[in-house]
Amino acid sequence: IIDCNRKSLEIFGCDYKGLVGKTPFDFSPELQPDGMSSRVKGMNFINSAMNGTPQFFEWVHKRKSAELFDAEISLSRIDIDGDFYILAIIRDISDKKAYLKKIKESEEKFRMLSEKSIVGIYIIQDDKFIYVNPCFLQMTGYDMNEVIGKDYRELVHPDSLDFVEQNIRKSIYTSGY
């Protein structure tokens, strides 16, 4: 590392002298989550970037305090007065990953509850079914392929269409969507 900005110092939790002169592997655990050596895996990315192929990937880095964090890394080769260097852009995505994990857990809970429900459940987006649970399919006699992506109005008897549309609008406005 030959230079850095203020944000880099903040991300890694050190001062300028603590970062400049070090290698990226001084701020990486020995192994990445896939079990591969940080040094071996990192050198593959660095060599590809030095050969002119920009790289974009996720990486686990280590702060000066030894705390691990998830990062998005972008590596590009730059030419300064005929000498080639790697420009690394590092973004801490720990909060983003934690948020995505919570969303995934929430989706899994919803799916588990929905799949076991004795009530027909469906989700409509842009007037099309994007999700139905097994009870809905059992109640209607359709299979999943006949419902997902289909306009809900195709499955409603014409005499009931006004009533169903009113309830859908009411549901949309009362749920805040």
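The values are calculated or read from the model by the stated rules, or taken from the named source; none is laboratory data. The model shown is predicted, which means the values in this text are computed figures rather than measured ones. As a convention, Cβ positions derive from the backbone with ideal geometry for all residues, glycine included, and neighbour counts pool all protein chains shown. Surface areas here come from the heavy atoms of the whole protein model, side chains and all, with no ligands, DNA or RNA. Shrake-Rupley method; radii C 1.70, N 1.55, O 1.52, S 1.80 Å.
Details
- Where helices (runs of 4 or more DSSP H) fall entirely within the stretch 1-115, those with at least 3 residues that are in contact (Cβ under 8 Å) with a residue 24 or more places away in the chain and open to solvent by less than 100 Å² (accessible area, probe 1.4 Å) are at 6-12, 38-50.
- Among the numbered conditions (1) in contact (Cβ under 8 Å) with a residue 40 or more places away in the chain; (2) of a type in the set (Val, Ile, Thr); (3) open to solvent by 60 Å² or more (accessible area, probe 1.4 Å), the only one that residue 168 does not meet is (3).
- Among the residues making up the stretch 142-164, a single one is open to solvent by less than 50 Å² (accessible area, probe 1.4 Å) and acidic (Asp, Glu): 151.
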